[in-house]
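Please read the structure below before turning to the comments.
The values are calculated or read from the model by the stated rules, or taken from the named source; none is laboratory data. Model, not experiment: these values are computed from the prediction. Please note: Cβ atoms are built from the backbone with ideal geometry, for glycine as well, and neighbour counts cover all protein chains shown. SASA here: full protein model, heavy atoms, side chains in, ligands and nucleic acids out. Shrake-Rupley method; radii C 1.70, N 1.55, O 1.52, S 1.80 Å.
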Amino acid sequence: MILSVKPDVHFNCIPSRILYQSIRDGFEQAGLASGDELMSLMAQLQEIHDARYENMRRKHRPTHLVFSLPAMKRFMQTGVLTDQFFIQRAYTPQERREIIRDLWQQAQENPFFQIHFLRDEEKELHNEMTFYENKGVLLLDAYTGYDLYEDHSEALITLPAFVESFHKFFMEQLLTRMVMPQAEGLAELEKLYLEMKV
């Protein structure tokens, strides 16, 4: 089970063909890696990412992703996620449409995968919180580039009482009182896709 509160799309929800191109272009533009060196790094990333992406799509345990609609709209305008890796280039308009379409289709077809939007009064998120069943709760600043030489930090809290409290809050408070109805949220997601100009 994965329960997550985050302003916008998780990178593990981004199809491989889109994620790799964005990272590869970013590395090349920054002059940090090229040729065989870059392809070796990309092969390692692909193996890890593909396993996570397929697990998310095929596992028979619930995944609940809670997003902020204003943050998702900002992503659709800029192509930059709140926690985009500092070495990535922005996603193109076509890539943004594909990312949103993929999320929408997954939420329509997979009963274990659910997307929610916070209600209007719950707009801004400054932290990202993800519950990983039997592991703990990961906490980090929602606005980060994951540059360990800058100000990125994160913590995995495994204290059973905290993990249990977060799980209870998420299921009994967040999902019942603080998010839009499911149909309304999916309609907003579809609207983001349809309004994106390419």
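Semi-axes of the equivalent ellipsoid of the chain are 27, 21, 16 Å, computed as sqrt(5λ) over the eigenvalues of the C-alpha gyration tensor in descending order.
Dividing the alpha-carbon radius of gyration of the range 42-149 by the rule-of-thumb value 2.2 N^0.38 Å gives 1.14.
Carbon-plus-sulfur fraction of the accessible area of the range 1-121, 1.4 Å probe, in percent?
Values: 2840 of 5580 Å².
Percent of accessible area from carbon and sulfur atoms in the range 1-121: 51.
Longest stretch of the chain clear of exposed loop sites (GluC sites (Glu not before Pro), DSSP loop, at most 10 other Cβ atoms within 10 Å, sites excluded): 1-123. Solvent exposure of the range 90-198 amounts to 60 Å² per residue of accessible area, where only protein heavy atoms count and the probe is 1.4 Å.
The alpha carbon radius of gyration of the range 1-56, expressed as a multiple of 2.2 N^0.38 Å, is 1.28.
Between Ile18, Ile157, Ile100, the GNM of the chain built on Cα springs shorter than 10 angstrom shows Ile157 fluctuating the most.
The Cα center of the range 60-74 and the Cα center of the range 1-52 differ in position by 20 Å. Residue by residue, the range 137-146 carries 3J(HN,Hα) couplings of 10, 8, 10, 7, 5, 5, 10, 8, x, 6 Hz when phi is fed to the Karplus relation 6.51 cos²θ - 1.76 cosθ + 1.60 (θ = phi - 60°); x denotes Gly or Pro. Each DSSP beta bridge with both residues in the chain is either parallel or antiparallel, and the antiparallel ones are about 60%.
Once you charge only the Cβ atoms, +1 for Lys and Arg and -1 for Asp and Glu, what is the size of the charge dipole of the range 74-182 about its Cα centre, to the nearest 20 debye?
Working: 10 positive and 18 negative charges, 72 e Å.
My answer is approximately 340 debye.
Out of the trypsin sites (Lys or Arg not before Pro) in the range 22-90, which ones are loop residues according to DSSP with at most 16 other C-beta atoms within 10 Å? When the trypsin sites (Lys or Arg not before Pro) of the range 22-90 are filtered for loop state and at most 16 Cβ neighbours within 10 Å, Lys59 remain.
As an exercise, identify the chymotrypsin sites (Phe, Trp or Tyr not before Pro) in the range 116-198 lying in DSSP coil whose Cβ has no more than 13 other Cβ atoms within 10 Å. Show your work: numbers first, answer last.
Details: sites: Phe117, Phe131, Tyr132, Tyr143, Tyr146, Tyr149, Phe162, Phe166, Phe169, Phe170, Tyr193; in loops: Tyr143, Tyr146, Tyr149.
Here the chymotrypsin sites (Phe, Trp or Tyr not before Pro) that fit, given the DSSP loop and packing criteria, are Tyr149.
The fraction of all Cα pairs in the range 105-192 landing in successive 5 Å bins from 0 to the largest distance is 3, 12, 16, 20, 20, 17, 9, 3, 0, given as whole percents. The overall shape of the range 145-198 is oblate: from the C-alpha gyration tensor, with semi-axes ordered a ≥ b ≥ c, the ratio a/c is 1.5 or greater and a/b is no larger than b/c.
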